[in-house]
Amino acid sequence: MKRSQMEYVAGGGLIDRRSLLVGGIAFLAASSIKPVAASVNEGVKRIGDDFPVWSRTLGRQGTTYGQPSIHEKHLKLKLQLPSAPENSGTTGWLTPLEKLHGIITPNGLHFGSHHFGIPDIDPDKHELLIHGLVEKPLKFTMERLLRYPMISKIRFIECAGNTAFNALSPLSHDGSCQDLHGLISCSEWVGIQASLLLNETGLGKKAKWVIVEGADGGSHSRSIPLSKLLDDAIIAFYQNGERLRAEQGYPMRLLLPGWEGNTSIKYVHRLEVVDAPAYTGHDSGVYTQHLSNGQIEGFSFYMDVKSVITHPSGKQILEEQGFYEITGLAWSGYGKISKVEVSADDGKTWAPAQLHGPIIEKALTRFSIPWHWDGKSTVLLSRATDAHGRMQPGRKEWKQRYASPTFNHYNAIQSWDISSNGEVENVYV
Amino acid sequence: MAKLKMFMYKVFKWGLSVIGLTVSITGITGEVSVNLGSPLTESEISRVSITIFPNGHNLPKGQGSVKEGEKLYVELCSACHGESGTEGPSNRLTGSIGLFSFMDPLRIMRIQEVNGLLVMSTGQQWPYATSIFDFVRRAMPHYKPKSLTNNETYSLTAYILYLNDLVNKDAVIDRKNLPGVEMPAFKRYVRAWKNKSAADDFIPRP
């Protein structure tokens, strides 16, 4: 297939997402095959001479808990802002999205946002209590809870403050995808449907809200509408097959799919069923937004539709012109992703990206589109739409709704500038 | 065949509900009752029930003064929240550097001047004064949460309210008058989450 025969679908070198599936893209393959020199002394030859050291030595023993390859040492969470020592218990750890693929975040690399440090809770001394407007207040030991029927869901968690840099900073911050978008991760969560436990207590007629509390130092608590807990909330014990990490709420956490991460209360130990919200500290301050009309908006639970191109992305360098696969992640707290469009010419023209299955509601969805970079400077953008027709706004549109210094719930389109020397940088268009 | 099965199943389910069997079958209906919880007694509840509500529900007995609060604040809080509650490095407790508009020529300077935690404050953002008592008692001081007595918490709450010009220097705060303190954010606070009957779970200030 000659270049002229390939199907370009939009400006800037975007190639029809189906062309790879059909004929392949031929212009790269020709250069990658090297001739092999014939050996002179065939008789005394040891085949090992032609093999790398790891093919000529016995490998090492396994370990009791697998670790990433020694060559992947760079794969790390990153502390969001090195904070003052006085604030050391209040931290955000960012996931290196641009170094991962697929939709599942490895457990050790799940982002973490901690307001009161990370407790090490003894599961034998941890109970779940449900009381308030119920007929029978109940407590559950861990041992008992683990006997309940479990459900499994792949769901993302995103911190309300993800991408705060782009919301706040008047000039675009030159950060990596991890720096700018790393407060989102996606896992398979296994646990008990919260409705099951709540219903066993005999919910009162006036029950409408539940104050959910963790067992960490600050007893983190949020007021949650009962309807959400009865709908799709999970009391989760397992993450990607193993018990939760301490950073993620061991021995158990609440999971509220699609809602701001702060409401998925870690170390959950108490559900108080009530008729009205408590306006806890985090209902009131940090997790509210200033609107441009002067109002303060709280209980803004849903994480709206959003996407980001992870490859190529901020701080990366394209070594040469030619073929690249543009790929990234899209998600919506309202449901499934229905469409992701990509532009490779500053947003002038757009083409649909391939969505890779499984496409799951309130989970990350991987998208990709083949791209031929001609070595000229350009801007890459992605724009997601969900099954409810919600589409990502531009940055200007988003800013119009909120007053500075609001930084929560930023979901505007991300644009990456590609310079003619291949440097990728965050820009506002 | 499938229809017959469904019918049998419905009868079976109906039967269960008539006899009042609590253990039904997992995975078929989603309606499972396992009942492995144990009863929770009133005294167990009252020991851990620390949430305070805007109408004053669950506020404990006791009281505290601005004067007492000031002493405690200097000793236990100012290292992180600043002498006047504005300097940080931890969250600002009073005042703000203001909301700045997109058109504000000083916006860049003002954003760069402070870290995000010091732009707005407890006094400017929280709609109810009761939440301050709740939060301080459960979470502060940050390095030693839940170490304050109820009276100390009332005093510190009173002092934070005083720093925000919401009570005077001689004020004494208790469970009767705390819910009545009107926070400036109360009028500006709106809920993004709306129930069908949102009106009746919005809490008017007493």
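At pLDDT below 95 and more than 10 Å from chain A (Cβ to nearest Cβ): does that describe residue B:17? Answer is yes for this residue. Go through the residues of the stretch A:353-373 one by one and say whether even a single one is of a type in the set (Gly, Ala, Ser), within 14 Å of another protein chain (Cβ to nearest Cβ) and either at negative phi or touching a Cys at 6+ places or on another chain (Cβ under 7 Å) (or both). Checked the stretch A:353-373: no residue is of a type in the set (Gly, Ala, Ser), within 14 Å of another protein chain (Cβ to nearest Cβ) and either at negative phi or touching a Cys at 6+ places or on another chain (Cβ under 7 Å) (or both). Annotation note: of A:200, A:260, the sole residue that is within 12 Å of chain B (Cβ to nearest Cβ), closer than 18 Å to residue A:304 by Cα and of a type in the set (Asp, Glu) is A:260. Restricting attention to the stretch A:165-179, the residues being over 22 Å from residue B:100 (Cβ atoms) and among the hydrophobic types (A, V, I, L, M, F, W, C) number 1.
Going residue by residue through the stretch A:241-248, is there one that turns out to be away from every other protein chain (no Cβ under 11 Å), under 24 Å from residue A:364 (Cα atoms) and open to solvent by less than 10 Å² (accessible area, probe 1.4 Å)? There is at least one residue in the stretch A:241-248 that is away from every other protein chain (no Cβ under 11 Å), under 24 Å from residue A:364 (Cα atoms) and open to solvent by less than 10 Å² (accessible area, probe 1.4 Å). Only one of the listed residues (A:362, A:339) is in a loop (DSSP other than H, G, I, E, B) and either basic (Lys, Arg) or open to solvent by 40 Å² or more (accessible area, probe 1.4 Å) (or both). That residue is A:362.
The helices (runs of 4 or more DSSP H) found entirely in the stretch B:118-163 that carry 3 or more residues being facing chain A (nearest Cβ under 9 Å) and either under 15 Å from the mean Cα position of the chain (by Cα) or without any contact (Cβ under 8 Å) to a residue 40 or more places away in the chain (or both) are B:130-139.
Residues in the stretch A:285-298: is at least one open to solvent by less than 10 Å² (accessible area, probe 1.4 Å), touching a Leu at 6+ places or on another chain (Cβ under 8 Å) and either part of a strand (DSSP E or B) or farther than 19 Å from residue A:384 by Cβ (or both)? Checked against the condition, which is being open to solvent by less than 10 Å² (accessible area, probe 1.4 Å), touching a Leu at 6+ places or on another chain (Cβ under 8 Å) and either part of a strand (DSSP E or B) or farther than 19 Å from residue A:384 by Cβ (or both), the stretch A:285-298 yields at least one hit. The residue that is nearest to the other protein chains (Cβ to nearest Cβ), counting only those in the stretch A:160-180 that are assigned to a loop (DSSP other than H, G, I, E, B) and in contact with an Asp or Glu (Cβ under 7 Å, 6 or more places away or on another chain), is A:160. Checking A:215, A:207 one by one, the residue that is within 12 Å of chain B (Cβ to nearest Cβ), open to solvent by 10 Å² or more (accessible area, probe 1.4 Å), hydrophobic (A, V, I, L, M, F, W, C) and under 26 Å from residue A:115 (Cβ atoms) is A:215 and no other. Being among the polar types (S, T, N, Q) and assigned to a helix (DSSP H, G or I) is a property that residue A:262 has.
In the stretch B:141-166, what residues are aliphatic (A, V, I, L, M) and within 13 Å of residue B:63 (Cβ to Cβ)?
If the condition is that a residue be aliphatic (A, V, I, L, M) and within 13 Å of residue B:63 (Cβ to Cβ), then B:156, B:158 are the ones that fit.
Does residue A:317 meet the test of being away from every other protein chain (no Cβ under 14 Å) and in contact with a strand residue (DSSP E or B) (Cβ under 8 Å, 6 or more places away or on another chain)? Yes.
Can you say whether residue A:379 is closer than 24 Å to residue A:156 by Cβ and modelled with pLDDT of 95 or more, as far as the supplied structure shows? So residue A:379 does not fit the description; no. Would you pick out the residues in the stretch A:104-151 that are away from chain B (no Cβ under 14 Å) and among the small types (Gly, Ala, Ser)? Within the stretch A:104-151, A:108, A:112 meet the criteria. Of all residues in the stretch A:151-166, those satisfying the criterion of being surrounded by 18 or more Cβ atoms within 10 Å (Cβ to Cβ) and farther than 27 Å from residue B:108 by Cα are A:153, A:154, A:155, A:156, A:157, A:158. Here the condition is being within 30 Å of residue A:81 (Cα to Cα), buried (at least 18 other Cβ atoms within 10 Å of the Cβ) and at pLDDT below 90; of B:117, B:106, it holds for B:117 alone.
Picking from residues in the stretch A:208-237 that are hydrophobic (A, V, I, L, M, F, W, C) and part of a loop (DSSP other than H, G, I, E, B), the one that is nearest to residue A:128 (Cα to Cα) is A:215. Scanning the stretch A:48-78 for residues that are in contact with a Phe, Trp or Tyr (Cβ under 8 Å, 6 or more places away or on another chain) and either among the acidic types (Asp, Glu) or open to solvent by 60 Å² or more (accessible area, probe 1.4 Å) (or both) gives a single hit, A:78. Considering the stretch A:380-418, and only residues there that are β-branched (Val, Ile, Thr) and open to solvent by 10 Å² or more (accessible area, probe 1.4 Å), the residue that is nearest to residue A:174 (Cα to Cα) turns out to be A:413. Residues in the stretch B:65-79 that are closer than 15 Å to residue B:145 by Cα and either within 14 Å of chain A (Cβ to nearest Cβ) or in contact with an Asp or Glu (Cβ under 7 Å, 6 or more places away or on another chain) (or both): 3 in all. Per the conditions (1) surrounded by fewer than 20 Cβ atoms within 10 Å (Cβ to Cβ); (2) closer than 25 Å to residue B:192 by Cα, the sole criterion not satisfied by residue A:233 is (1).
Tell me, which residue of the stretch A:80-103 that is touching a strand residue (DSSP E or B) at 6+ places or on another chain (Cβ under 6 Å) and open to solvent by 50 Å² or more (accessible area, probe 1.4 Å) is nearest to the other protein chains (Cβ to nearest Cβ)?
Among those residues, the one meeting the criterion is A:80.
Number of residues in the stretch A:381-404 that are in a strand (DSSP E or B) and touching a Lys or Arg at 6+ places or on another chain (Cβ under 6 Å) equals 1.
The values are calculated or read from the model by the stated rules, or taken from the named source; none is laboratory data. Quick caveat, the model's predicted, so the values are computed rather than measured. Cβ coordinates were reconstructed from backbone atoms using ideal geometry, including for glycine residues, and neighbour counts include every protein chain displayed. Protein only, heavy atoms only, side chains kept; ligands, DNA and RNA dropped before computing areas. Shrake-Rupley method; radii C 1.70, N 1.55, O 1.52, S 1.80 Å.
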